[in-house]
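K.L.:
Below are the structure tokens for one structure; questions will follow.
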Amino acid sequence: MPANLTPQYHAAEEAYRRATTIEEKIEALQEMLAVIPKHKGTERLQGDIKRRISKLREEGQKKTRTGGYNPFHVEKQGAGQVVLVGYPNTGKSSLVAVLTRAKVKIADYPFTTAVPAAGMMPYEDILIQMVDTPPLTAEGMPPGLLNTLRGSDLLLLTIDAGSADCLEQLEETLSQLLARKVILENKSSGAVEGATTGEAEAHQPADKAFGRRYLPYLVIATKTDHPDSAENIKIMRELRPDLPLYPVSVHKSEELEALRAKIFEALQIMRIFTKAPGKPPDTETPFVLKKGSTVLDLAFAIHRDFPNRLKNARVWGSSRFDGQVVSRDYVLEDRDIVELNV
Ligand SMILES: Nc1nc2c(ncn2[C@@H]2O[C@H](COP(=O)(O)OP(=O)(O)OP(=O)(O)O)[C@@H](O)[C@H]2O)c(=O)[nH]1
Ligand SMILES: [Mg+2]
């Protein structure tokens, strides 16, 4: 690694690491190439960047050639993408309909949903994307569903708590996702440090398999207005105390509100408001960042050149006093207000 790479180069490299689409990756690599110091010591690196650009271009072209419309690819929107997955008739579409305003088909017969459909769920000052999917069964998953699941930020495993099959639904759904390495069996990670409810929290897998992430998930026991649901939930909790199981009925607004909050918490994100010097903060549209993000991450989220120009930042909220000047590696907290000075 040549020693004299500039902050501009590091900024572009960071943008490359964060890029999620081929277009974004190419753009960041081109920026890396533009700002890299041109001398003998960086020749190999320049060659490597050029190779990566041409490989990505090829990939992009292949995609458009073979591509066309793929209904199982759901473009991400909002503060996070949450995908519901489960047996037929477990109430996936009903939940998406009641939490968002998406017009999805709901019926009391199985296999009502044939392709994924998305809607936006309001939660306080942000919108979270909820994706309804066609069901899986003991015979497996519809082709394409696995990709929808893998691309998401959080899974909701729906189990019909009013059904005599609920245990089978639970075990089968879990085992299919485990077998495909979408989620991770990690019983010990059930309780998150500092949790006071005594309930298992969303599994937040730290592990990665071959560059692929394991997804966090919540188990949603649906139809709690059904007379058998209380007993079924009790049994599921006894048998699987390690699981983050949350009961909900589309007819109970307090359970739906609790679920919205749980989804936000499980996404492990935070909202940061920005303000210009001497002006009031923009409290309408927060930046959404992963929990644990720093002032520098915020600067990147605003513009990838921003970190280079950043002189200092002031924070209202988590800091010891209002308007405290903090360093670029200061770890922000949900609902902090930040003034970035260039
Ligand atoms: N009583 C009650 N019924 C519900 C609830 N949620 C869903 N249902 C009913 O359960 C049936 C199936 O609901 P859907 O939302 O279509 O289920 P789904 O999981 O999307 O089904 P597929 O698309 O076939 O996978 C419908 O008759 C719904 O009205 C609930 O909370 N309480
Ligand atoms: Mg459905």
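Only the coordinates and a few stated rules stand behind these numbers; no lab work does. From a predicted model like this one, the values you see are computed outputs, not experimental measurements. Quick reminder, even Gly has a Cβ in these numbers, built from the backbone with ideal geometry, and neighbours come from all protein chains shown.
K.L.:
How far is helix 229-239 tilted, in degrees, relative to the longest principal axis of the Cα atoms in the chain, given as a value from 0 to 90 rounded to the nearest 10?
P.N.:
60
K.L.:
Between their Cα atoms, which of Lys25/Lys103; Lys25/Lys290; Lys103/Lys234; Lys76/Lys181; Lys25/Lys291 are more than 31 Å away from each other?
P.N.:
Too far apart for the 31 Å limit: Lys25/Lys103; Lys103/Lys234.
K.L.:
Can you tell me the orientation of helix 166-179 relative to the chain, as the angle in degrees between its alpha-carbon axis and the longest Cα principal axis, to the nearest 10?
P.N.:
Result, in degrees: 30.
K.L.:
Evaluate the relative contact order of the chain (contact order divided by residue number), counting alpha-carbon pairs under 8 angstrom at least 6 apart; express in whole percent.
P.N.:
Relative contact order for the chain comes out at 12 percent.
K.L.:
Report the Cα centroid-to-centroid distance between region 250-298 and region 154-173 in angstrom, as an integer.
P.N.:
30
K.L.:
Roughly what % of DSSP beta bridges within the chain run antiparallel, to the nearest 5?
P.N.:
Values: 25 of 46 bridges.
Around 55 percent antiparallel, to the nearest 5.
K.L.:
Which residues' amide hydrogens lie under 5 Å from the amide hydrogen of Thr274, considering only partners 5 or more residues apart or on another chain, with H built in the peptide plane?
P.N.:
Asp282, Phe287, Val338
K.L.:
Checking the a/c ratio against 1.5 first, then a/b against b/c, what shape does the Cα gyration tensor give for region 257-307? Intermediate results must be reported in sequence, preceding the final value.
P.N.:
On the way: a/c = 3.40, a/b = 1.59, b/c = 2.13.
Oblate is the answer for region 257-307, as a/c is 1.5 or above yet b/c matches or exceeds a/b.
K.L.:
Taking square-rooted eigenvalues a ≥ b ≥ c of the alpha carbon gyration tensor, is region 269-341 rounded, prolate or oblate, where a/c under 1.5 means rounded and, failing that, a/b exceeding b/c means prolate?
P.N.:
Details: a/c = 1.16, a/b = 1.05, b/c = 1.11.
It is rounded, given that a/c, with a ≥ b ≥ c, falls under 1.5.
K.L.:
If you don't mind, another one. Taking amide H atoms as placed 1.01 Å from N in the peptide plane, list the residues 5 or more away in sequence, or in a different chain, whose amide H sits under 5 Å from that of Ile128.
P.N.:
Residues meeting the criterion, in which the H sits 1.01 Å from N, are Ala79, Met121, Tyr123.
K.L.:
On to the next question. Looking at region 269-341, what % of its DSSP beta bridges pair antiparallel, to the nearest 5?
P.N.:
Values: 13 of 17 bridges.
Antiparallel: roughly 75 percent of the beta bridges in region 269-341.
K.L.:
Check each of the GluC sites (Glu not before Pro) in region 1-95 and keep only those in coil by DSSP with at most 16 other C-beta atoms within 10 angstrom; list them in order.
P.N.:
Values: sites: Glu13, Glu14, Glu23, Glu24, Glu27, Glu31, Glu43, Glu58, Glu59, Glu75; in loops: Glu75.
Sparse-neighbourhood loop GluC sites (Glu not before Pro): Glu75.
K.L.:
5 Å is the cut-off here: which amide hydrogens, built 1.01 Å from N in the peptide plane, fall below it relative to Ala102, excluding neighbours closer than 5 in sequence?
P.N.:
Those lying under 5 Å, H to H, from Ala102 are Met120.
K.L.:
I'd like the Karplus ³J(HN,Hα) series for region 99-107: coefficients 6.51, -1.76, 1.60, θ = phi - 60°, whole numbers in Hz, and an x wherever there's a Gly or Pro.
P.N.:
8, 10, 10, 5, 8, 10, 7, 10, 8
K.L.:
Further question: Please arrange Arg328, Arg57 by how many other C-beta atoms lie within 10 Å of their C-beta, fewest to most.
P.N.:
Numbers: Arg328 16, Arg57 12.
Taking fewest neighbouring Cβ atoms as first place, the list is Arg57, Arg328.
K.L.:
Now a separate question. Apply the Karplus parameterisation 6.51 cos²θ - 1.76 cosθ + 1.60, with θ equal to phi minus 60°, to every residue of region 141-151 and state each ³J(HN,Hα) to the nearest whole Hz, in sequence, with x for glycine and proline.
P.N.:
Couplings: 10, x, x, x, 5, 4, 5, 4, 5, 4, x Hz.
K.L.:
I would also like to ask the following. If you average the alpha carbon positions of region 315-342 and of region 119-151, how far apart do those two centres end up, in angstrom?
P.N.:
35
K.L.:
Going by a ≥ b ≥ c, the root eigenvalues of the Cα gyration tensor, does region 70-155 fall in the rounded group (a/c under 1.5), the prolate group (a/b larger than b/c) or the oblate group?
P.N.:
On the way: a/c = 2.11, a/b = 1.34, b/c = 1.57.
Judged from the Cα gyration tensor, region 70-155 comes out oblate (a/c at least 1.5, b/c at or above a/b).
K.L.:
Still on this model: Counting other Cβ atoms within 10 Å, which GluC sites (Glu not before Pro) in region 235-342 have at most 10 and lie in a DSSP loop?
P.N.:
Working: sites: Glu238, Glu254, Glu255, Glu257, Glu265, Glu284, Glu333, Glu339; in loops: Glu284, Glu333.
Those satisfying the criteria are Glu284.
K.L.:
A further question follows. Just to check I understand the Karplus step: with θ = phi - 60° and J = 6.51 cos²θ - 1.76 cosθ + 1.60, what whole-Hz values come out for region 117-130, glycine and proline as x?
P.N.:
9, 10, x, 9, 9, x, 9, 6, 9, 10, 10, 10, 7, 10
K.L.:
With n ≥ 4 as the cut-off for DSSP H runs, can you work out [θ] at 222 nm for the chain, using -39500 (n - 2.57) per run divided by the number of residues, rounded to the nearest 500?
P.N.:
Calculated mean residue ellipticity at 222 nm is -10500 deg cm²/dmol.
K.L.:
Just to check, using Stokes-Einstein with a Kirkwood Rh over alpha carbon pairs, what's the diffusion coefficient of region 89-134 at 37 °C and 0.692 mPa s in µm²/s? It would help to have the intermediate numbers written out before the result.
P.N.:
On the way: Rh = 10.7 Å.
The calculation lands on 306 µm²/s.
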